[in-house]
Amino acid sequence: MKKILVVAAVLAGSLMALPCQAQGGGGVQERVAALKNSMIASQQDLRTYQWVETTTVLLKGEQKSYKEESCYYGADGSLQKIPIASSPPPKKKFGLRGAIQESKMEEMTDTMKQATALVKSYLPPNPALLDQAVKTGNVTLDMLQPGQVVRLNFKNYKLPGDVLSITVNIQTNRLLAVGVTTYLGDPSKPVSMASQMGTLMDGATYTARTELDVPSLQIEVDVVNTGYRKMM
């Protein structure tokens with residue numbers, strides 16, 4: 001979550017460099033500045049909260065594992081996670097079938113680690129890569145709701161053919177969603193991530209839900225953050 005929140009602060013500087021036509025006219029720089037301030041304030045506010053993170057892994061649409069963890073930021077600013085509950089490990093098979101099962105599990109685990117690491121490499125965005133996308137004309141703007149919600153797409157951001165997207169409410173200057181479309185090694189192994197943001201009672205923005213999809217292995221990971229409450 002901390003990484004997602006940093007997106008807005010880093011992205012703001014590059015958005016201000018976009019041509020006025022792409023930004024939608026005057027006043028955009030003020031909106032971006034307000035968004036940046038809002039995200040910084042939210043990041044500070046979230047350090048006073050404790051919440052529950054639930055992670056579910058699905059294979060071919062069937063739930064394979066889940067875990068719940070209590071999350072909070074420590075005094076040193078690092079994210080702390082305390083296990084609450086988790087699904088039991090799969091029953092181990094013996095002989096040849098057991099060896100095959102173990103091999104498949106290792107392959108799936110390795111791929112998931114690679115996919116997770118790849119997606120994390122996009123967050124927070126690299127200012128130099130954002131600037132490069134702007135300079136090469138690889139930034140497009142989608143008006144999702146006229147005068148209210150826009151989505152900025154940075155194409156060929158890290159790899160040829162990938163896309164880093166951010167959705168913003170330009171009325172409130174709040175980050176609504178972040179998305180990544182990329183691949184492992186080559187385009188035949190696509191990886192995608194979609195994060196939806198939420199707003200707490202005090203106005204702080206947080207990552208409500210993140211979905212990671214690895215179609216080549218039919219693996220999906222769903223992470224949901226709930227139960228936010230102020231720490232005593």
## Note on the structure
A careful count of residues in segment 41-74 that are among the aromatic types (Phe, Trp, Tyr) and under 25 Å from residue 106 (Cβ atoms) gives 1
### Query
Of all residues in segment 117-143 being among the aliphatic types (A, V, I, L, M) and more than 20 Å from the chain's Cα centre (by Cα), which is farthest from residue 185 (Cα to Cα)?
143
### Task
Run down 11, 58, 35 and say which single residue is surrounded by 10 or more Cβ atoms within 10 Å (Cβ to Cβ), in a helix (DSSP H, G or I), in contact with a strand residue (DSSP E or B) (Cβ under 7 Å, 6 or more places away or on another chain) and modelled with pLDDT of 55 or more.
35
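Conditions tested, residue by residue: (1) crowded, with 16+ Cβ neighbours inside 10 Å; (2) at pLDDT 85 or above.
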| site | (1), (2) |
| --- | --- |
| 45 | yes, no |
| 73 | yes, yes |
| 76 | no, yes |
| 80 | no, yes |
### Unique residue being in contact with a helix residue (DSSP H, G or I) (Cβ under 7 Å, 6 or more places away or on another chain), closer than 24 Å to residue 41 by Cβ and charged (D, E, K, R) when the list is 209, 229, 174
174
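Each row is one residue, and each column tells you yes or no for (1) under 11 Å from the mean Cα position of the chain (by Cα); (2) not polar (S, T, N, Q).
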position: 182; (1), (2): no, no
position: 185; (1), (2): no, yes
position: 198; (1), (2): no, yes
position: 201; (1), (2): no, yes
position: 205; (1), (2): no, no
position: 210; (1), (2): yes, no
position: 221; (1), (2): no, yes
position: 226; (1), (2): no, no
### Query
Conditions: (1) at pLDDT 85 or above; (2) in contact with a Pro (Cβ under 8 Å, 6 or more places away or on another chain). Residue 64 meets all but one. Number of the miss?
(1)
### Query
From the set of residues in segment 183-209 that are in contact (Cβ under 8 Å) with a residue 60 or more places away in the chain and assigned to a strand (DSSP E or B), which is farthest from residue 64 (Cα to Cα)?
205
### Task
Starting from residues that are in a loop (DSSP other than H, G, I, E, B) and at pLDDT below 90, keep the ones in segment 159-182 and report whichever is surrounded by the fewest Cβ atoms within 10 Å (Cβ to Cβ).
171
### Task
Just give me the residues in segment 144-162 being over 24 Å from residue 187 (Cα atoms) and under 21 Å from the mean Cα position of the chain (by Cα), in sequence order.
144, 149, 150
### Task
Within segment 135-158, identify whether any single residue is modelled with pLDDT of 85 or more, in contact with a strand residue (DSSP E or B) (Cβ under 8 Å, 6 or more places away or on another chain) and under 22 Å from residue 113 (Cα atoms), and answer yes or no.
yes
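The values are calculated or read from the model by the stated rules, or taken from the named source; none is laboratory data. Predicted, not measured: the structure shown is a model, and the values here were computed from it. For neighbour counting, all protein chains shown are included, and Cβ atoms are generated from backbone atoms with ideal geometry for every residue, glycine included.
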